[in-house]
Amino acid sequence: MEYVSTRNTQKVFSFKDVFLKGLAPDGGLFVPKTIPKYNLEELKQFKNLSYNETAEKIISKFCSDEFSKTEIEDLVLSSYKSFRSKNVVEFKKIGNLNLLELFYGPTLAFKDIAMQIIGNMYGKILEKGNLKINIVVATSGDTGAAAINAIKNRKNIKIFVLHPYKKISEIQRKFMTTVKSENVFNLAITGNFDDCQKLVKSMFADKNFSTSINMSGVNSINWSRIVFQIVYYFYSYFKTATKDEKINFSVPTGNFGDIYAGYVAKKMGLPINKLIIATNKNDILTRVIHSGSYKPKKVEHTISPSMDIQIASNFERLIFDIFSSDSNKISKLMTDLNNKGELIIEKNELEKIKEVFESESLTDDETKSVIEEIYKTHNILIDPHTAVGVGVAKKLSKINRTMVLSTAHPYKFSEVVYKATNVHPKLPESLKNAMGEKESYEKLPVNLTKVKNYILSKI
Ligand SMILES: *Cc1c(COP(=O)(O)O)cnc(C)c1O
């Protein structure tokens, strides 16, 4: 399979390039030249597969140039063997709504599902190529923890994680800062997530710097994360749908990575009706769906911090597809966004987007009410991100044949959940020793030179 950048379709890249670089050299995002599509016969073969078998089938489609069938089987098996659910994910019912729980990995959020494979893939690629790399990643709270868990104690690889100082939950922070491993470095940046993401993007864009440290990225712009997340759309569909019915997915959304994986699943032939973009007060995606204007505002701090994002990077992949892979058009739109602080999607293209997507946002008060109500009526504790997914599905009256992605374990946001329900979520038994006492991180300002110098001093 060949890959191109959303901003230049002339140059092709291999899966390995795409995996190691993360971001295309021209600042665009990597996408497959064409998205493969299953016919009805092929789709039927997914019906009775286990999670791991589904994963092997999907992953092979995208990276068989780099990994053999046995290597992929091995990657999947070793990545998921310690998950607390035999089939990686679990299902629950909230009345007619289906809940797809994605938090059975080591750091209690869906990010583990992709990140565990990424860690093992780095292992394999570095071993084969005798390389040394440095990962630099920005996190709104969960990516960092998942990445650290997947990369810690590995040879020939160091990881630098930038999180917004005091803007993530205590448990989120401790999952990162109490990990004792010589190749792990935590940076608390005194800004918000968008500042962290911008710093990382600037370091990538600085060719001298990024080449000199062999920089690699695992943010949700890394194409491989999308691939590993496509898997649970397929698996959950075939586990719950009857006949060939179409179902909706409601997805708590920040950087547009998780829901874009659903979009790719739909393009691959999965019978999806609507993809519901559920946002908190940082509602740039809801606004663009309603008006066609993509215009970042100031980031608001909310009780669902992993979605406190105004620049939803993966959105570029969607518009690339909507504009029929016209990379000149995408470059122009992204330049507009840079220069004018706004990008406009015209009527025809907006209509195309609306055929697939719907969107609403929830305030913090609404989110708390959802957590309280779901506990009272169904005796289930849900985390604030999941609550946004549930609340938005209800707001849009998409109750039947709808799957809500439950993206984090309630324990990770204990304080908020306790305030709404008076119940303390419990840490799963097997994770009792996951967090240590002693925290270590470096506090740094939003200053590119200082961050670069810190990284250079550690490699
Ligand atoms: C990262 C995250 C999200 C948002 O996912 P995106 O891929 O950024 O849209 C939602 N919920 C939780 C718990 C997360 O960690």
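The values are calculated or read from the model by the stated rules, or taken from the named source; none is laboratory data. Fair warning: this is a prediction, and the values are worked out from it, not measured in the lab. A quick note on method: Cβ atoms are made from the backbone with ideal geometry, for glycine too, and the neighbour counts reach across all protein chains shown.
Would the stretch 277-291 turn up any residue that is within 14 Å of the ligand (Cβ to nearest atom) and within 22 Å of Leu43 (Cβ to Cβ)?
No, the stretch 277-291 has no match at all.
Filter the stretch 7-57 for residues that are assigned to a strand (DSSP E or B) and hydroxyl-bearing (Ser, Thr, Tyr) and give the result.
Thr9
Residues to consider are Phe185, Phe175; find the one that is within 30 Å of Tyr51 (Cα to Cα) and either surrounded by 24 or more Cβ atoms within 10 Å (Cβ to Cβ) or at pLDDT 95 or above (or both).
Values: Phe185 fails: within 30 Å of Tyr51 (Cα to Cα).
Every option except Phe175 fails the conditions.
Every residue in the stretch 203-229 that is under 18 Å from Asn447 (Cα atoms) and in contact with a Phe, Trp or Tyr (Cβ under 9 Å, 6 or more places away or on another chain), please.
Scanning the stretch 203-229 gives Met203, Ser210.
Report, by residue number, each residue of the stretch 201-239 that is closer than 19 Å to Asn338 by Cβ, within 16 Å of the ligand (Cβ to nearest atom) and surrounded by fewer than 24 Cβ atoms within 10 Å (Cβ to Cβ). Walk me through it before giving the result.
Step one: list which residues in the stretch 201-239 are closer than 19 Å to Asn338 by Cβ, which gives 201-207, 219, 221.
Applying the additional criterion that residues be within 16 Å of the ligand (Cβ to nearest atom) yields 201, 219, 221.
Hit for the stretch 201-239 is Lys201, nothing else.
Are there any strands (runs of 3 or more DSSP E) wholly within the stretch 87-171 with 1 or more residues that are surrounded by 24 or more Cβ atoms within 10 Å (Cβ to Cβ) and touching a strand residue (DSSP E or B) at 6+ places or on another chain (Cβ under 8 Å), and if so which? Steps first, answer last, please.
Working: elements: 90-94, 97-101, 133-138, 157-164.
By residue number, 97-101, 133-138, 157-164.
Are any residues in the stretch 234-272 on the phi > 0 side of the Ramachandran plot and modelled with pLDDT under 95, and if so, which ones?
Lys243
Please work out which one of (1) at positive phi; (2) part of a helix (DSSP H, G or I) is the condition Ser397 fails and give its number.
Among (1) at positive phi; (2) part of a helix (DSSP H, G or I), Ser397 violates only (2).
Report, by residue number, each residue of the stretch 371-394 that is surrounded by fewer than 24 Cβ atoms within 10 Å (Cβ to Cβ) and either assigned to a helix (DSSP H, G or I) or in contact (Cβ under 8 Å) with a residue 40 or more places away in the chain (or both).
Of the residues in the stretch 371-394, the ones surrounded by fewer than 24 Cβ atoms within 10 Å (Cβ to Cβ) are 372-381, 394.
If the condition is that a residue be surrounded by fewer than 24 Cβ atoms within 10 Å (Cβ to Cβ) and either assigned to a helix (DSSP H, G or I) or in contact (Cβ under 8 Å) with a residue 40 or more places away in the chain (or both), then Glu372, Glu373, Ile374, Tyr375, Lys376, Thr377, His378, Ile380, Leu381, Lys394 are the ones that fit.
For residues that are within 12 Å of the ligand (Cβ to nearest atom) and closer than 14 Å to Lys93 by Cα, scanning just the stretch 371-386, find the one that is nearest to the chain's Cα centre (by Cα). Before the answer, list the steps.
Initial filter on the stretch 371-386 (within 12 Å of the ligand (Cβ to nearest atom)): 382-386.
Within this subset, residues satisfying the condition of being closer than 14 Å to Lys93 by Cα are 382, 386.
Numbers: Ile382: 19, Thr386: 14 Å.
The selected residue is Thr386.
Give the stretch 244-261 a look and list any residue that's part of a strand (DSSP E or B) and either of a type in the set (D, E, K, R) or near the ligand (Cβ under 6 Å from one of its atoms) (or both), or say none.
Scanning the stretch 244-261 gives a single hit, Pro252.
Evaluate the stretch 317-325: report whether one residue or more is surrounded by fewer than 15 Cβ atoms within 10 Å (Cβ to Cβ) and within 18 Å of Lys266 (Cα to Cα).
yes
Restricting the search to the stretch 1-26, which residues are surrounded by 16 or more Cβ atoms within 10 Å (Cβ to Cβ) and more than 20 Å from Asn134 (Cα to Cα)?
Met1, Tyr3, Val4, Ser5, Thr6, Arg7, Asn8, Thr9, Phe13
Please state which of the following conditions Lys266 fails to meet, knowing it meets all the rest: (1) within 14 Å of the ligand (Cβ to nearest atom); (2) part of a helix (DSSP H, G or I); (3) in contact (Cβ under 8 Å) with a residue 40 or more places away in the chain.
Answer for Lys266: the failing condition is (1).
Taking the stretch 408-459 as the region of interest, how many residues are of a type in the set (Lys, Arg) and either out of contact with any strand residue (DSSP E or B) (no Cβ under 7 Å at 6 or more places or on another chain) or assigned to a loop (DSSP other than H, G, I, E, B) (or both)?
The qualifying residues number 5.
Looking at (1) touching a helix residue (DSSP H, G or I) at 6+ places or on another chain (Cβ under 7 Å); (2) more than 29 Å from Phe249 (Cβ to Cβ), find the lone condition where Asn130 falls short.
The failed condition is (1).
Just the residues that are within 11 Å of the ligand (Cβ to nearest atom) and touching a residue at least 60 places away in the same chain (Cβ under 8 Å), please, taken from the stretch 312-326.
Selection gives Ser313, Asn314.
For residues that are hydrophobic (A, V, I, L, M, F, W, C) and in contact with a Ser or Thr (Cβ under 6 Å, 6 or more places away or on another chain), scanning just the stretch 119-159, find the one that is farthest from the ligand (Cβ to nearest atom).
Step by step, filter the stretch 119-159, then rank; the result is Ile133.
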